[in-house]
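Q: Below: one structure in structure tokens.
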Amino acid sequence: MTWAVDLDGVVWLAGEALPGAAGAVEQLRQAGERVVFLTNNSGPRLAGHLAKLAAVGIKCEPADLATSAQAAASLIPPGSRVAVVGDEGIYEALAERPALVVPPHDRPSAVVVGRTVKLDYDELAEVANVVRAGARFVATNTDATFPTENGLLPGAGALVAFLAAASGREPEVAGKPHEAMADLVRRRYGHIEVMAGDRPDTDGLFAKRLGAHFGLVLSGVTQRHDLPVEPAPDLVADDLAELVREFVRRPH
């Protein structure tokens, strides 16, 4: 069977390895399970995600990693003119489509928005105007927060909410738990048996969309004092290592 594993808050926090995560992935692989990784973090290029996985002791082929940037790019017709608010992962995914990235004042037919810390008010105002005038408004994801070892930071959802308020338009959302990411996952990996993640509003709803078991870990956004949550997980564990141990023990 195939496990889908989130990255931020499950494998690492801001790139710092979470204890036992690499061993848990290896345990699954030794048992003959396929492990793929799904992330709503649209910022890094694919090579950056893969290098971080390697740095925490997890080998991953490019085909076994799906990002919200790729899901967003899948919504853009090839050859489209697109303005971007976001980082290199979005530019890479759009280049693969291929789509032409242009400044917001240069007649884009669509805008793709993801998390970035390089914000320019004038550029955001231009993007809001373009969206208000009718350009397609695509968000890589709407995660309100981003987990780090020092707590939660504003996520892509905070930036998307700013542009939605300024433009008066709501976005099409590509990443977990939405259909663009689900389509991408189904095409690449077929049926997912277990979705392991730290957020019920993304990973949990995504598991439900895919018809997968939802394994909730408490090493990222969701903490024990937040329980119970909806959708209810099939298993709750402190971290990925415990989740794998508990799932292996239970009858299927």
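Q: What pairs come out if I take residues in the stretch 217-233 that are charged (D, E, K, R) and pair them with residues that are assigned to a loop (DSSP other than H, G, I, E, B) whose C-beta lies under 9 Å away, six or more apart or interchain?
A: Qualifying pairs under 9 Å: 224/218; 224/238; 226/218.
For every residue, the table says whether it meets (1) of a type in the set (Lys, Arg); (2) over 20 Å from residue 157 (Cβ atoms); (3) in the same structural domain as residue 138 (by TED's automatic domain parsing).
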{"site": "58", "(1), (2), (3)": "no, yes, no"}
{"site": "77", "(1), (2), (3)": "no, yes, yes"}
{"site": "87", "(1), (2), (3)": "no, no, yes"}
{"site": "105", "(1), (2), (3)": "no, yes, yes"}
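Q: Let me ask something additional. How many residues does the stretch 61-79 contain that are surrounded by fewer than 20 Cβ atoms within 10 Å (Cβ to Cβ) and either touching a strand residue (DSSP E or B) at 6+ places or on another chain (Cβ under 9 Å) or closer than 28 Å to residue 104 by Cβ (or both)? Walk me through how you get there before you give the answer.
A: Filtering the stretch 61-79 down to residues surrounded by fewer than 20 Cβ atoms within 10 Å (Cβ to Cβ) leaves 61-65, 74-75, 77-79.
So of that shortlist, the ones also either touching a strand residue (DSSP E or B) at 6+ places or on another chain (Cβ under 9 Å) or closer than 28 Å to residue 104 by Cβ (or both) come out as 63-65, 74-75, 77-79.
Residues in the stretch 61-79 being surrounded by fewer than 20 Cβ atoms within 10 Å (Cβ to Cβ) and either touching a strand residue (DSSP E or B) at 6+ places or on another chain (Cβ under 9 Å) or closer than 28 Å to residue 104 by Cβ (or both): 8 in total.
Q: Do we find a residue being more than 24 Å from residue 22 (Cβ to Cβ), charged (D, E, K, R) and within 16 Å of the chain's Cα centre (by Cα) anywhere in the stretch 180-194? Spell out the reasoning first.
A: Quick first cut of the stretch 180-194, residues more than 24 Å from residue 22 (Cβ to Cβ) only: 180-184, 186-187, 190-191.
The next check asks that each one be charged (D, E, K, R); those that pass are 183, 186-187.
If we keep only those that are within 16 Å of the chain's Cα centre (by Cα) as well, we get 183, 186.
Yes, some residue in the stretch 180-194 is more than 24 Å from residue 22 (Cβ to Cβ), charged (D, E, K, R) and within 16 Å of the chain's Cα centre (by Cα).
Q: Exactly one of these conditions fails for residue 192: (1) hydrophobic (A, V, I, L, M, F, W, C); (2) at pLDDT 95 or above; (3) in the same structural domain as residue 117 (by TED's automatic domain parsing). Give me its number.
A: Among (1) hydrophobic (A, V, I, L, M, F, W, C); (2) at pLDDT 95 or above; (3) in the same structural domain as residue 117 (by TED's automatic domain parsing), the lone unmet condition for residue 192 is (3).
Q: Okay, next question. Considering 216, 243, 184, which residue is outside any helix (DSSP H, G or I), touching a strand residue (DSSP E or B) at 6+ places or on another chain (Cβ under 6 Å) and at pLDDT 95 or above? Lay out the reasoning, then the answer.
A: Numbers: 243 fails: outside any helix (DSSP H, G or I); 184 fails: outside any helix (DSSP H, G or I).
The conditions single out 216.
Q: Continuing with this model, one more query. Does the stretch 146-175 hold any residues that are modelled with pLDDT under 95, part of a strand (DSSP E or B) and under 25 Å from residue 74 (Cβ atoms), and which are they?
A: 146
Q: So which residues in the stretch 103-137 are surrounded by fewer than 24 Cβ atoms within 10 Å (Cβ to Cβ) and closer than 21 Å to residue 199 by Cβ, if there are any at all?
A: 116, 117, listed by residue number.
Q: Go through 62, 103, 78 for me and flag whichever is in contact with a Pro (Cβ under 9 Å, 6 or more places away or on another chain) and without any contact (Cβ under 8 Å) to a residue 24 or more places away in the chain. Give the derivation first.
A: Details: 62 fails: in contact with a Pro (Cβ under 9 Å, 6 or more places away or on another chain); 103 fails: in contact with a Pro (Cβ under 9 Å, 6 or more places away or on another chain).
Testing whether each residue is in contact with a Pro (Cβ under 9 Å, 6 or more places away or on another chain) and without any contact (Cβ under 8 Å) to a residue 24 or more places away in the chain leaves just 78.
The values are calculated or read from the model by the stated rules, or taken from the named source; none is laboratory data. Keep in mind that what you see is a predicted model, and the values were worked out from it rather than measured. When we count neighbours, we look across all protein chains shown, and the Cβ atoms used for this are built from the backbone with ideal geometry, even at glycine.
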